[in-house]
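Single-structure report; data block below.
Readers should treat all values here as calculations from the given coordinates under stated rules, not as data from a laboratory. The model shown is predicted, which means the values in this text are computed figures rather than measured ones. Because the Cβ atoms are built from the backbone with ideal geometry, glycine has one as well, and the counts that use them run over all protein chains shown.
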């Protein structure tokens, strides 16, 4: 797979995001904090990363939770996946929430989320009166049963 070129500004003392393994889809984002942030149970806050990126047109970056952080500490991202559009040039920030029953502290440099890059398809919407019938039809949430 040929990587795409993404310009990045790093105003933190943290290393640039990178892939932890050859097969990793996401790059870890780290907290850029002047002092630790403590979240009480069910509290949420916006954590800066110190990073700004310039994506090529036709791409997006998604900010997603880190599974280890969620299972071990009960910290996860809200508004997930958060979309970073190709024309956004501001700092990447992560909305974290503490879903555990205990307070959790985030330190400078902690890996708080992951960023996944992907292509974006644009749609030409065509207004019609009817849609093509399918076997599923309008069957929605849970329509196929539990088994």
Could you identify the single residue in 71, 84, 47 that is farther than 30 Å from residue 121 by Cβ and without any contact (Cβ under 8 Å) to a residue 40 or more places away in the chain?
-> 71
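Determine if region 57-71 includes at least one residue that is surrounded by 15 or more Cβ atoms within 10 Å (Cβ to Cβ), touching a helix residue (DSSP H, G or I) at 6+ places or on another chain (Cβ under 9 Å) and on the phi < 0 side of the Ramachandran plot.
Residues of region 57-71 that are surrounded by 15 or more Cβ atoms within 10 Å (Cβ to Cβ), as a first pass: 59-66, 69.
Remaining after also requiring touching a helix residue (DSSP H, G or I) at 6+ places or on another chain (Cβ under 9 Å): none.
So far as region 57-71 goes, no, none of its residues is surrounded by 15 or more Cβ atoms within 10 Å (Cβ to Cβ), touching a helix residue (DSSP H, G or I) at 6+ places or on another chain (Cβ under 9 Å) and on the phi < 0 side of the Ramachandran plot.
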Scan of region 18-37 for residues that are surrounded by 12 or more Cβ atoms within 10 Å (Cβ to Cβ) and under 23 Å from residue 98 (Cβ atoms), ordered by number = 26, 28, 29, 30, 31, 32, 33, 37
Among 29, 16, 46, the single one that is within 14 Å of residue 115 (Cα to Cα) and in a strand (DSSP E or B) is 29
Cβ-Cβ below 8 Å, separation at least six or inter-chain, first residue in region 104-117 and on the phi > 0 side of the Ramachandran plot and in contact (Cβ under 8 Å) with a residue 24 or more places away in the chain, second assigned to a strand (DSSP E or B) and crowded, with 16+ Cβ neighbours inside 10 Å: which pairs?
-> 109/30
Take region 1-13 and flag every residue that is surrounded by fewer than 11 Cβ atoms within 10 Å (Cβ to Cβ) and not in a loop (DSSP other than H, G, I, E, B).
-> 7
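For region 91-98, indicate whether the set of residues that are over 16 Å from residue 30 (Cβ atoms) and in contact (Cβ under 8 Å) with a residue 40 or more places away in the chain is non-empty. Explain how you work it out, then say what you get.
Of the residues in region 91-98, the ones over 16 Å from residue 30 (Cβ atoms) are 97-98.
Remaining after also requiring in contact (Cβ under 8 Å) with a residue 40 or more places away in the chain: 97-98.
The answer is yes; a qualifying residue exists.
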